[in-house]
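Reading through the structure tokens given below for one structure.
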Amino acid sequence: MSAFLVGNEHIQCLVDAGLRDMSVHPLSWYVGNQRRELNEITADRVGQMLNKENRRSINHRYPKDANQDPIPMFKWRLLVDPRRDPVFVLKAIDCYEYQSCEHEGGETSEAKAFCAALRSKMIGELPGYDKMKAWPVGS
């Protein structure tokens, strides 16, 4: 299967999902020992970071075509209804990670850490997740 550069709409979906319910649980992750957080001020930087990581992967996978297309500029915009089903967002994370995993360093990248934090947040939003006992098996 060929790798591709995801569009800004895809990045917007990830950023919007990370911004949900910020007052309760702001999305944060670590790069080395530095804590990063997604908020309306950092949204553009995070979106651009995701675009760049995806480009690194494409360039590694297809070195002859490296840098043929410019990295799209990401500018976060507040959507009227940014809520997406958690399963939709989980699939978007899976797709993004698949398109961004080709190069060395991908497993330790900020994008990977962001996706792990967002995945955890989306799992917590699955219907019924908050009502399930913490340890349902063998408790």
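The values are calculated or read from the model by the stated rules, or taken from the named source; none is laboratory data. Computed from a prediction, not measured in an experiment: that's the story for all the values here. Ideal geometry is used to build each Cβ from the backbone, glycine not excepted, and the neighbour counts take in all protein chains shown.
Points worth noting:
- Taking every residue in the stretch 93-118 that is at pLDDT 95 or above and pairing it with any residue that is surrounded by fewer than 16 Cβ atoms within 10 Å (Cβ to Cβ), at least 6 positions away or on another chain, the pairs with Cβ-Cβ distances below 7 Å are Glu110/Val31; Ala113/Tyr30; Ala113/Val31; Ala117/Ser28.
- Residue within the stretch 25-46 that is touching a residue at least 12 places away in the same chain (Cβ under 8 Å) and more than 23 Å from Ile123 (Cα to Cα) present: yes
- Looking only at the stretch 78-134, and only at residues there that are aliphatic (A, V, I, L, M) and outside any helix (DSSP H, G or I), the one that is nearest to Ile41 (Cα to Cα): Leu78
- Taking the numbered list (1) surrounded by fewer than 19 Cβ atoms within 10 Å (Cβ to Cβ); (2) out of contact with any strand residue (DSSP E or B) (no Cβ under 6 Å at 6 or more places or on another chain); (3) part of a loop (DSSP other than H, G, I, E, B) in turn, Pro26 passes all entries but (2).
- Subset of the stretch 11-49 that is under 14 Å from the mean Cα position of the chain (by Cα) and of a type in the set (D, E, K, R) - its residue that is nearest to Trp76 (Cα to Cα): Asp44
- Residues of the stretch 3-23 that turn out to be small (Gly, Ala, Ser), closer than 24 Å to His60 by Cα and surrounded by 14 or more Cβ atoms within 10 Å (Cβ to Cβ), as a count: 1
- Residues of the stretch 1-23 satisfying the condition of being farther than 14 Å from Ser120 by Cβ and assigned to a loop (DSSP other than H, G, I, E, B): Met1, Ser2, Ala3, Phe4, Leu5, Val6, Gly7, Met22, Ser23
- Counted residues, the stretch 30-65 - those being surrounded by 13 or more Cβ atoms within 10 Å (Cβ to Cβ) and either part of a loop (DSSP other than H, G, I, E, B) or in contact with a Cys (Cβ under 9 Å, 6 or more places away or on another chain) (or both): 6
- Residue within the stretch 27-48 that is at pLDDT below 80 and more than 19 Å from Cys95 (Cβ to Cβ) present: no
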